[in-house]
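Student: The structure is given below, and queries will be raised subsequently.
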Amino acid sequence: MATEVVVRAGLGYGPSGKLLDVYQPADVSEPAPAVLLWHGQGPDERDVLGTIARAAAERGAVVLVPDWRPDAPDDGRTHLEESADFVRRNVAGLGGDPERIVLAGWSRGAKAAVGVALNPEGFGNWRPRAVVGIAGAYRTAAPSTGTVPIEDLRRNSDSLAPLPVWLVHGTADPVVDAERSRELHTALAEHGWPTSLDEVATDHAGVIMTEFVPERQRCLPSSADHAVAAGSRTADVLARAAGIAVPRENRRP
C-alpha cells in the first residue's frame with residue numbers, strides 16, 4: 001500500500017531566491033531518509049519531477065526538488081550548492097534524517113549529482129549517503145563541479161572512499177544514449193565502487209514517468225504503460241538508494 005504524501009510547495013531555499021517543493025510521507029513517526037532530486041536542462045523545471053518525486057515519497061522517502069538554472073553564467077552551480085546547503089540544514093525540520101541524504105538527478109541533473117560523488121572537493125567537500133543518476137551522460141563537465149565525472153573517477157578514486165552509485169537509463173532514450181550509463185557503470189565497478197544499473201524499456205522522459213509534449217516544449221506526466229512501468233522502477237531505485245526496502249509487488253522485471 002502506497003503511503004499518503006504531503007506536498008509543501010514553493011519553499012525558498014537560498015540567497016538566489018529559488019524555490020523547492022517537498023514531498024513528505026504522511027504519518028511517519030521517525031525521521032525518514034531524504035532525497036535531493038535535481039531536474040534537467042530546462043531552467044526552473046522542478047514541476048517536471050513532481051510525479052517521480054511523489055512516487056518515491058510514497059515509498060517512504062522525503063523528496064526535495066529545487067528549481068535551478070543551467071543557463072546561469074555559472075551553469076547553475078550556485079543554485080545547486082544553495083539547494084544542497086538548505087537540505088543539510090533544514091531536512092530534519094521537514095521530517096528527514098540529515099544523516100541519510102541521497103543526491104539524485106535526471107538528465108543534466110544526473111551528471112551534476114554524480115559529479116558531486118566523484119569530485120566532492122569541487123562541491124564544498126560534501127558527500128551524500130548515495131547518488132542516483134537517471135538518464136545522464138558523464139563525459140562532459142558537470143554543472144555542480146565544473147569537471148568531467150568519468151575523468152574524476154579515474155583521477156580521484158584512489159583517494160576517495162567509494163559510495164554507492166545507482167544508475168537508471170531508458171533503452172529507447174533518443175536524447176542521451178544508454179551507453180553513457182553503461183560506460184560509467186563499468187568504470188565504477190572496475191574501480192571498486194558499489195554500483196548498479198537498471199535499464200528500462202522507455203525513453204528519456206518516460207524514465208521519470210513523463211512524456212515530452214512538443215506544443216508545450218515540456219515534459220508532462222504520462223499514463224503510458226512504458227512510462228508508468230519505467231517510472232515505478234526509477235522510484236524503487238530512489239527508495240533503495242535511501243535504504244528503504246521496496247515491497248516485492250513494486251519490483252518490475
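Student: For the chain, with a Gaussian network of springs between Cα atoms less than 10 Å apart, report the residue from Ala34, Ala84, Ala135 with the top mean-square fluctuation.
Tutor: For the chain, modelled as a Gaussian network with Cα springs under 10 Å, the answer is Ala84.
Student: Let me know the charge dipole size of the chain about its Cα centre in debye, to the nearest 20, where only the beta-carbon of Lys, Arg (+1) and Asp, Glu (-1) is charged. The partial results should precede the final answer.
Tutor: Values: 26 positive and 34 negative charges, 61 e Å.
That gives the chain a dipole magnitude of about 300 debye.
Student: Express in Å², to the nearest 10, the accessible area of Arg129 obtained by rolling a 1.4 Å probe over the protein heavy atoms while all chains stay in place.
Tutor: Accessible area, nearest 10 Å²: 100 Å².
Student: OK, next. Could you give the radius of gyration (one decimal) and Dmax (whole number) of the Cα atoms in the chain, in Å?
Tutor: 16.3, 48
Student: For Ala189, what is the net charge nearby, where nearby means another residue's Cβ is under 14 Å from its Cβ and Lys, Arg count +1, Asp, Glu -1? Numbers along the way, then the final one.
Tutor: Values: positive: Arg154, Arg182; negative: Glu183, Glu190.
Cβ neighbours under 14 Å give a net charge of 0.
Student: So if I place +1 on the C-beta of Lys and Arg and -1 on the C-beta of Asp and Glu, and nothing else carries charge, what would the dipole magnitude of region 145-253 be about its Cα centre? I want it in debye, nearest 20. Provide the component values of the computation, followed by the final result.
Tutor: Values: 11 positive and 16 negative charges, 67 e Å.
Charge dipole, region 145-253, about its Cα centre: 320 debye, nearest 20.
Student: Could you tell me how far the Cα centroid of region 125-175 sits from the Cα centroid of region 190-234, in Å?
Tutor: That distance is 18 Å.
Student: While we're here: Leaving out ligands and nucleic acids, note down the accessible area per residue over region 160-244 with a 1.4 angstrom probe, in whole Å². Walk me through the intermediate numbers first.
Tutor: On the way: 3540 Å² over 85 residues.
With the other protein chains kept in place, region 160-244 gives 42 Å² per residue.
Student: Something else: Averaged per residue, what accessible area in Å² does region 1-136 show with a 1.4 Å probe, protein chains only? Present the calculation step by step, with values, prior to reporting the outcome.
Tutor: Details: 4930 Å² over 136 residues.
Result: 36 Å² per residue.
Student: Taking 1 over the mean of 1/r across every pair of different Cα atoms in region 1-123, what Kirkwood radius in Å do you get?
Tutor: On the way: mean 1/r = 0.0703 Å⁻¹.
Result for region 1-123, one decimal place: 14.2 Å.
Student: Among Pro25, Gln41, Ala84, which residue has its Cα positioned farthest towards the positive end of the charge dipole of region 11-92, with +1 placed on the Cβ of Lys and Arg, -1 on the Cβ of Asp and Glu, and the dipole taken about the Cα centre?
Tutor: Farthest towards the positive end: Pro25.
Student: When you take every Cα atom in region 160-253, what is the radius of gyration, and what is Dmax, the widest Cα pair distance, in Å?
Tutor: Reported Rg and Dmax, both Å: 14.3, 46.
Student: What do you get for Rg/Rh over region 82-152 if you use C-alpha atoms and the Kirkwood form of Rh?
Tutor: On the way: Rg = 12.0 Å, Rh = 12.2 Å.
Radius of gyration relative to Kirkwood radius: 0.99.
Student: A follow-up question, please. Modelled label-to-label distance, Arg218 and Glu99, 7 Å Cα→beta-carbon offset: nm?
Tutor: 4.1
Student: Then there is this: Of all the stretches in the chain, which is the longest one without any exposed loop site, taking GluC sites (Glu not before Pro) in a DSSP loop (any state but H, G, I, E, B) with at most 16 other Cβ atoms within 10 Å?
Tutor: Numbers: sites that count: Glu4, Glu215.
Value returned for the longest uninterrupted segment is 5-214.
Student: Given the options Asp158, Asp21, Asp236, which has the most mean-square fluctuation in a GNM of the chain, springs set between C-alpha atoms less than 10 angstrom apart?
Tutor: Of Asp158, Asp21, Asp236, the most mobile in the Gaussian network model is Asp158.
Student: What's the magnitude of the charge dipole for region 64-200 around its Cα centre, counting Lys and Arg as +1 and Asp and Glu as -1 at the beta-carbon? Answer in Debye, nearest 20. Please report the intermediate quantities before stating the final value.
Tutor: Values: 14 positive and 20 negative charges, 41 e Å.
Charge dipole of region 64-200: 200 debye, to the nearest 20.
Student: In the Gaussian network model of the chain, springs joining C-alpha atoms below 10 Å, which of Thr195, Thr51, Thr186 carries the largest mean-square fluctuation?
Tutor: Thr186
The values are calculated or read from the model by the stated rules, or taken from the named source; none is laboratory data. Nothing here was measured: the structure is a model prediction, and the numbers come from that model. Note: ideal-geometry Cβ built from the backbone for every residue, glycine included; neighbour counts use all protein chains shown. In case anyone asks, the SASA skips ligands and DNA or RNA and just uses the protein heavy atoms, side chains included. Shrake-Rupley method; radii C 1.70, N 1.55, O 1.52, S 1.80 Å.
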